[in-house]
Amino acid sequence: MRIILLISGYLLLVVFPLQLQSASLQPHQLRCEYLPEPLAMEKPHPRLSWQLEATDRGAIQTAYQILVASTPELLGQDRGDLWDSGKVPSNRTNQIHYAGHELAARQDCYWKVRVWGKEGTASSWSEPAYWKMGLLDPADWKAQWIGFDNRRLNKNETFHLPPSPYFRKSWQAKGKVKKAILYSTALGLYEARINGQKVGKDYFAPGWTDYDQRVYYQTYDVTSMLRTGGNAIGFILANGWYAGYTGYAVLVGHPKEYAFYGEVPVFMAQLEIEYENGEREMITSDTDWKVNTGPTLEADLLMGEAYDARLEFEGWDESGYDDASWRNCRRMVGAMGKVESSPGVPVQIVEEIEPIAISEPEKGKYIFDLGTNIAGIVQLKIRGKAGTRVQLRYGEMLHPDGRLMTENLRKARATDTYILKGDSGGESWSPKFTYHGFQYVEVSGLDNPPDKEMITGLVLSSVTPRVGHFESGNDMINQLYRNIVRTQKANYLDVPTDCPQRDERMGWTGDAQIYIRTATYNSDIAAFHQKWLVDLNDAQFGNGAYPNFAPMAFHRPNMTYSPGWMDAGIICTYNIFKVYDDLDLVRKFYSNMQEQLNLYQRKSEQDLLQEGAFDEVDPQGGFGDWLNQDKTATSKILAANIYWLFDLKLMAEMADAIGQRTDAENYRITFRKVQEAFLEKYRTPEGRLQENTQTACVMALDLDVLPTSMKPVVARQLVQLLEENNGYLTTGFLGAKHLLPVLSNAGYRKEALELFTKKGFPSWLYEVVNGATSIWERWDSYTIENGFGGAQNTGMNSFSHYAFGAVAEWMFRHLAGIDMMENGFREIAIRPEPNRALGPVAASYQSINGEIRSAWSLSGNDLKLEVTIPANTTAQVWIPARAVDAVKEGGLPLTEAKGILGQEMDGQLLRVKIGSGTYTFTSASVAGLLPEVAAP
Ligand code: BGC
């Protein structure tokens, strides 16, 4: 503990121990089920976690004690009336199940933790944290589903876009409010308002689920929004995913174009108030509420929003508003499935962006350039005559003549309209129930030329806290990384979508499984995926196949599942299990995952998926190595067999982890049988792969389905294939992410770097060189020779598709070298691949066990590697080195440095085992040990 005193201009640093019992360890960042303060926990034994701060190297937690109390006062007195874990000898800091008294609905749980280090002294108690139990029983809901059938009010001739209903209710408070919690949900989208203010900051609540199976409710602490005296609550609804346009249904002439789950949006709200005087009151949605339609003329996720400010009803969401002309609400049929507390994270505005330029390529059509491709909405600030109709259109790119390009939006109208009320002080508006994927906004219908202040970009994304940072010495690589993060933000929007702009925006499973590990390096996606994995399992087909996308509003005949896509159910679960050490998730979906494997098994003949095994699906055989560049694509059935083998491996590991030893053994036996049949069919006499494609080689190697003896041969085959293609890749969705890891792992670090630093077509940097601020769907989304027309399909040409951004996994695991050796980064691997072309490289990753950092630089021939390992973990660090004594830490020989647990040479690398802390290693004269490539 440090106290800094400033006395007459002199800085005095006084260091003294404030708490005598405090050891070097201190718990902080307490969370419950991955969330800082969940307000509606439904799990009876939620998982608690914390991270540790330590002042010394090699800090280890040897025991912990958790207290959970029903009031802050009790907790303050160190009394855990709900749970006192006692001193538990354990080094666990996460995934610890609450094991106290049974928790009732709405129970407040205040908790804290203290830990013991290896010296045996206790830390001080952590700062208190909190969770609250949710409405645990359907009977806890007293509210009714209410709504208003607005269908006949649709005025749009092309689309079904009825106006948004506004609902209100006012009441007199019975005293001073002590606590007020709002539980609310909808079939459709809602915005809740209290006393003139939006409740919370969320967009698109209650989120997208297959509403016939479940819908989530949100919980808001609204204590500070209520007043003594008159109060009012309001709700605005929109069709959203429930009743609006979703995906490409219009494009493909699906028999239903919208309203896949229901025709009319409805909602349910329960405001529970506790007064200072002990009285309790519930304001619930029922037929006493009043409804009207007003300024929101149209509101649709894909089509956009139209708002006539002249129709605003001033003060409608405040008490005292005269709603005599409003209608009474109807009780409506509500959710057919479960109503549960949302386990995920909300969508909110995460960034605001000012335009960098305005142009006017056509008279009266002004194009605002945000300078970067985002998903979100805009805020319009405008002054003008009442009735002026301003139109906003959105695009990711401009045509060469400067006009907005919208061809790639396909049937997403993506147009907002605002009609001014003519406020002389100016007016401001932003949509509530739509979003767009765009960099450019075209504004038309203005009375006067605009200034830049008229438009602000509001970036919408699920709130997944940023945990990763990557920086190299090369601007293009840094831009590539920024583009990856940007594209993740744009597509982690309630579900992991393929793209945010065209008429699709669906939770495509292939994209999700390819990208998930990268996603974990960038953001904390644990809670986000707790939600989406439920969607995925809800949408599983009866035959065991996980679908092409989830939630699954609709699907086309036979376009149902595909190898490489359906494996997401296993691969995504596995990645969350590994990264966050989450066994609950494995247990929860275990039998579903088994069904997926059973499907593969049933489809196989002589232990292999044979040609035709997936003939029933459209495209026939599945999507294969989607968007590949080679003339002869990798066969779909080969890819299917590799995924089956990979899934078997992952399932064996997961089965073991949850104690299903017999299953694990059976999966391993099946693996060996399938592998044998696979080799029989696909191995040449020389031990190469029969299918001579980059994707076949990299999938087989990286998904680890080959025997050890074949690995160097197939790696060599890959290198040859690359050479034959001038060093360029040919891989599509399934192959691309495996290229660099395979090269690195097989010792072709130079070849990996050469491929990564390519700038020609097709390559990761090609789009960067061409001005990309996001990751493009296709290698040829734009080419210098062919413009946007080079893509095989201009409509299917998104500029915000994260799949090829999966290269960031290699950037973290290899270039910076941050990886795990034990689940949840309990033991960490730091194995960077330093080189002169891209250095210095610095990356950090906030794991569930705390912050990991790896930063290397070269000065002359000497390498410097700075490593930070969080308290309570250990790491193995691989440092390019001529010999043990060429490496020093903090200037000292390793034998003298503190925290070093051992070292040995491993080829041209020195492997050093360390405990927690920050270390600065230097390795002298590494020149000949590093791959030499030219900087891009
Ligand atoms: C999506 C992809 C998806 C694919 C299936 C596309 O329309 O945008 O990202 O994986 O369909 O091949």
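In terms of distances greater than 19 angstrom between alpha carbons, the cross-link table entries Lys531/Lys578; Lys365/Lys411; Lys132/Lys179; Lys489/Lys636; Lys338/Lys531; Lys363/Lys421 yield Lys365/Lys411; Lys489/Lys636; Lys363/Lys421. Placing +1 on the Cβ of every Lys and Arg and -1 on the Cβ of every Asp and Glu, with nothing else charged, gives the range 25-132 a dipole about its Cα centre of roughly 280 debye. For Thr55, the accessible area of its heavy atoms, probed at 1.4 Å with every protein chain present, is near 120 square angstrom. Kirkwood-type hydrodynamic radius, the range 808-849: 10.7 Å, calculated from all non-identical alpha-carbon pairs. Across the range 468-816, C-alpha contacts under 8 Å between residues 6 or more apart give a mean separation that, scaled by the residue count, equals a relative contact order of 20 percent. Considering only Pro931, Asn91, Leu650, whose Cα is most displaced toward the positive end of the charge dipole of the chain, charges sitting on Cβ of Lys, Arg (+1) and Asp, Glu (-1)? Of the options given, the answer is Asn91.
Dipole orientation for the range 818-923: of the candidates Ala829, Gln876, Ala842, Ala842 has the Cα lying most toward the positive pole (charges on Cβ; Lys, Arg +1; Asp, Glu -1). Highest mean first, the peptides 431-441, 321-331, 905-915 sorted by other C-beta atoms within 10 Å per residue fall in the order 431-441, 905-915, 321-331.
With all protein chains in place and ligands, DNA and RNA left out, the 1.4 Å accessible area ranks Lys711, Lys176 as Lys176, Lys711, largest first. Backbone amide hydrogens, once placed in the peptide plane, bring Asp423 within less than 5 Å of Gly384, excluding anything fewer than 5 places away on its chain. In the range 818-923, the inverse of the mean reciprocal separation of distinct Cα atoms equals 13.6 Å; this is its Kirkwood hydrodynamic radius. Ranked by the mean number of other Cβ atoms within 10 Å of their residues, highest first, the peptides 676-686, 383-393 come out as 383-393, 676-686. Computed with every protein chain present, the accessible area of Leu67 is close to 0 Å² [probe 1.4 Å]. Computed as a quarter of the hull surface, the mean projected area of the alpha carbon convex hull for the range 349-462 stands at 7.1 nm². Set against the 2.2 N^0.38 Å expectation for a compact globular protein, the range 25-132 has a Cα radius of gyration ratio of 1.02. Distance from the Cα centroid of the range 92-171 to that of the range 198-212 is 12 Å (rounded to whole angstrom). When the alpha carbon gyration tensor of the range 650-795 is reduced to an equivalent ellipsoid, the three semi-axes, largest first, read 34, 19, 14 Å. Any idea how far the Cα center of the range 653-692 sits from the one of the range 478-544, in Å? The two parts, judged by their Cα centres, are 28 Å apart. Temperature 25 °C, viscosity 0.890 mPa s: under these conditions the Stokes-Einstein estimate for the chain, based on its Kirkwood radius over C-alpha pairs, is 82 µm² per second. What does the C-alpha gyration tensor say about the overall shape of the range 209-261? Classify as rounded when a/c is under 1.5, otherwise prolate if a/b is larger than b/c, or oblate. In terms of gyration-tensor shape, prolate.
Largest accessible area first, the residues His814, His529, His555, His469 order themselves as His469, His555, His814, His529 under a 1.4 Å probe with ligands, DNA and RNA left out. Here the range 797-813 and the range 874-929 have alpha carbon centers that stand 32 Å from each other. Measuring max minus min along each principal axis, the C-alpha atoms of the range 90-161 give extents of 75, 32, 19 Å (largest first). Taking max minus min of the alpha-carbon positions on each principal axis, the range 273-413 gives extents of 66, 41, 34 Å, largest first.
Step through the residues of the range 59-65 one at a time and calculate ³J(HN,Hα) from phi using the Karplus curve (6.51 cos²θ - 1.76 cosθ + 1.60, θ = phi - 60°), rounding each to whole Hz and writing x for Gly and Pro. Couplings: 6, 9, 8, 9, 7, 9, 9 Hz.
Expressed as a whole percent, the proportion of Cα-Cα pairs in the range 468-816 lying more than 35 Å apart is 17%. Shape descriptor for the range 727-829: Rg over Rh equals 1.03 (Cα atoms; Rh from the Kirkwood inverse mean 1/r). In straight-distance terms, cross-link reach from Lys888 covers every one of the lysines whose alpha-carbon lies under 28 Å from its own, apart from those fewer than eight places away in the same chain; here that gives Lys118, Lys750, Lys864, Lys898, Lys913.
Here, the range 434-540 yields an orientationally averaged convex hull projection of 9.3 nm² when only Cα atoms define the hull. In terms of its alpha-carbon gyration tensor, the range 495-552 comes out oblate; a/c meets the 1.5 threshold, while b/c is at least as large as a/b. Each stretch of four or more DSSP H residues adds -39500 (n - 2.57); spread over every residue of the chain, this sum gives -6000 deg cm²/dmol at 222 nm.
Dipole size in debye (nearest 20) for the range 349-462 around its Cα centre, Lys and Arg Cβ +1, Asp and Glu Cβ -1?
Working: 14 positive and 16 negative charges, 105 e Å.
Using Cβ point charges on Lys, Arg, Asp and Glu, the range 349-462 gives about 500 debye.
Please give the charge dipole size of the chain, origin at the Cα centre, charges +1 on K and R Cβ atoms and -1 on D and E Cβ atoms. Round to the nearest 20 debye.
720
Simple rule: put +1 on each Lys or Arg Cβ and -1 on each Asp or Glu Cβ in the chain, find the dipole, and look at Leu311, Thr284, Ala412; the Cα lying farthest toward the positive end is Thr284.
The values are calculated or read from the model by the stated rules, or taken from the named source; none is laboratory data. All values reported here derive from a predicted model rather than from experimental measurement. Positions of Cβ are backbone-derived with ideal geometry, glycine not excepted, and every protein chain shown enters the neighbour counts. Surface accessibility is based on the protein's heavy atoms, side chains included, excluding ligands, DNA and RNA. Shrake-Rupley method; radii C 1.70, N 1.55, O 1.52, S 1.80 Å.
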